[in-house]
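Written out below as C-alpha cells is the structure these notes cover.
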Amino acid sequence: MLGWAVIRPRGWPEAVAAVPAAVILIAAGAIPADDAGAEARRLGPVIGFLIAILVLAHLCDDDGLFRACGAWLARSSGGRPRRLLALVFVAAAVTTAVLSLPHGTPSVGTIVLADDDPGFRQVVKSMLSGIADQVIEAEDGIQALAAIRANHVDLVLADLGMPRMDGSTLLDQLPPTMPVIILTGRDVPAPARASSLLQKDQLTRERLAFAIRRVSEVTP
C-alpha cells in the first residue's frame, strides 16, 4: 500500500489497491469476516466523516476558496515568512478546534431525573425530548435509587437539595460507574463523584445536551 501511495499509477487513489487486497485477505481467511465486519462498523462513522470532508474540500477548491484564503494570508503577512507561518498555524488551529467541537444531538437510553420540584422536572423533561428515550422522574434520592434498581438506567440528573435523601447522599449510594449530572441552584463546586454540574438558573437545552454528550464520551 505504501508503494502504491508513493507511485500512484495513473493518479488512482490508494483505495483501488486497498479494497481488493482487503477482499482477498478476508476470502483467504487471513482476516476473520466477523472481525472485519466489526471493524468496518466501528470505523464507518469516521470514514463517512472523512469522505464528507474530502467532498467539501473539493467543492471549496472548485470555487477558489483555498486560493482566496492563500492570497489573503500572503497579503496579511506583508512578505514576512515568520508572520505567514504564524497566520497559517492560527488558521489551522482554529479549523481543527471547530471540527473537534461536539456536534449533533446526543442520544441516551434511560435517564432518572431526581428533583423535589415538579415544575422544574417538567422543564428538564421537555429539554430531554429527542435526547432520552425514557425519563423516569423521582422526588428524592430514595425514589431515584428505587428507579435505578428496577430499570437499566444510563444517566442520573439530580438536585442537591431534596427531602428524605439529598443529592450528596444519593451520590454516595450510586454504583461507581453510574454517570451523574448535578442540577442545582446552589453556588457550589461539583462534588467529586459527579460527572458534571449545571446551574439551574443558567440551564438551557443546549447546555444540557452538551453536558450529556461530554459525559457519554467518557463513560465506558
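Here, each number is a calculation from the coordinates, and none is a lab measurement. Predicted model only: the values in this text are computed from it and were never measured. We place every Cβ from the backbone using ideal geometry, glycine too, and count neighbours over all the protein chains shown.
In nanometres, what is the gap between the two model label sites at Ala40 and Val23, each 7 Å from Cα along Cα-to-Cβ?
If labels sit at Ala40 and Val23, their model points lie 1.1 nm apart.
With a 10 Å cut-off between alpha carbons and a GNM built on the chain, which of Ala190, Ala209, Ala57 moves the most?
Of Ala190, Ala209, Ala57, the most mobile in the Gaussian network model is Ala57.
Can you pull the percent of Cα pairs in the stretch 108-218 with separation above 21 Å?
For the stretch 108-218, the share of Cα pairs beyond 21 Å comes to 24 percent.
If a/c stays under 1.5 just call it rounded; otherwise compare a/b with b/c (prolate if a/b is bigger, oblate if not). Do that for the chain, with a ≥ b ≥ c from the square roots of the Cα gyration tensor eigenvalues.
oblate
Among 41-47, 129-135, how do they line up by average Cβ neighbours within 10 Å per residue, starting with the highest?
129-135, 41-47
Between Ala57 and Cys69, what length comes free when the chain is fully extended (0.36 nm per residue of separation minus the Cα-Cα distance, one decimal in nm)?
3.0 nm
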